[in-house]
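To keep things clear, I will list the structure first and then write my remarks on it.
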Amino acid sequence: MSKKNDAETLPRQVPIAWEALEDAFENNAPEVHSYLHLDTGEVIRIVDGVADPQMHQRVMRDSSYLRVDPVSSREQYRWMERFIATVDEPEFRDKLVRAIDGKGAFRRFKDVLMSYPVDRERWFAFRSDRLRSCMEAWLTAHGIEAVERRKWEVPTAEDVAPQVEREQERRKGRKSRAVIADAQRGRLRELANDLPARELDAAVAFLEFLRERKHIPRPRAKTPEPPEASESSEDGADDGAPEGADAPSESAAEES
């Protein structure tokens, strides 16, 4: 078998975001659509009536996204039945049996578990184990191998030291410029105090001119264009003699 065929049969490695994928597998509401990104392993959720329909169409056409098939309500109902079979206390077990009878079974089942925190945690573990089995089977069916996601780590002092030094240098530069500007403003005040009264109007006008000048756009320098040849020069080149010049007479030509 060729290397190309081997590569095609190898599973695609994807860093799966397990918690997000688990939520997508559990939520089987008809208006909710979940997609797994095959490069990042992230899961996006699109809700009808909330998300932009055009955005949903783009995601559906994008080969980087794979639609998640959630676990059906019927299968999740069977999970509740199997969990109830593991409960030893008769009274508690009877409450759960009555809770899953009829419409609203999932909500009533959770409400009963709220009064039994230990068994509630048991149910979460029970359900997560079955969701994990469904997810792994789904990934295998689509040729996907789940790999470990890159974990974010707190940077060490050595990692951030260069960045801190650069920031300190920038702050020093800003502080130096601010100090110089303050000194110059103080010098301006000293000069203004030393000016005679008759010169103050001129000084104020000049300072206002400097302040407004930064708002005036500077014209761009234009590239000089080469001068165009005049019609007379072109005509002269064609005729052989400039305009206004007398052509030599026949007698002059004979004399020469």
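Worth a mention:
Here's the yes/no breakdown for (1) surrounded by 10 or more Cβ atoms within 10 Å (Cβ to Cβ); (2) part of a loop (DSSP other than H, G, I, E, B); (3) at pLDDT below 80:
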residue: Arg211; (1), (2), (3): no, no, yes
residue: Pro227; (1), (2), (3): no, yes, yes
residue: Ser232; (1), (2), (3): yes, no, yes
residue: Gly236; (1), (2), (3): yes, no, yes
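- Residues of the range 29-50 that turn out to be free of Cβ contacts under 8 Å to residues at least 60 places away in the same chain, buried (at least 16 other Cβ atoms within 10 Å of the Cβ) and among the small types (Gly, Ala, Ser), as a count: 1
- Test: residue in the range 69-79 that is of a type in the set (Val, Ile, Thr), assigned by TED's automatic domain parsing to the domain that holds Ser133 and outside any loop (DSSP other than H, G, I, E, B): no
- Residue that is outside the structural domain of Pro70 (by TED's automatic domain parsing), surrounded by 10 or more Cβ atoms within 10 Å (Cβ to Cβ) and within 30 Å of the chain's Cα centre (by Cα), where the choices are Glu145, Glu167, Glu158: Glu167
- If you check Arg187, Arg122, Arg98 for being farther than 30 Å from Thr40 by Cβ and not assigned by TED's automatic domain parsing to the domain that holds Ala85, only one passes: Arg187.
- When Pro196 is tested against the conditions (1) loosely packed, with under 10 Cβ neighbours inside 10 Å; (2) modelled with pLDDT under 75, the lone failure is (2).
- Among (1) more than 32 Å from the chain's Cα centre (by Cα); (2) in a loop (DSSP other than H, G, I, E, B); (3) touching a residue at least 24 places away in the same chain (Cβ under 8 Å), the one test that Lys103 misses: (3)
- Looking across the range 28-84, the residues that are hydroxyl-bearing (Ser, Thr, Tyr) and under 22 Å from Gly104 (Cβ atoms) come down to Ser72, Ser73, Tyr77.
- Of the residues in the range 154-169, not one is among the small types (Gly, Ala, Ser) and part of a loop (DSSP other than H, G, I, E, B).
The values are calculated or read from the model by the stated rules, or taken from the named source; none is laboratory data. Values in this document were obtained by computation on a predicted structure and should not be read as measured data. Cβ atoms come from the backbone with ideal geometry, glycine included; neighbour counts cover every protein chain shown.
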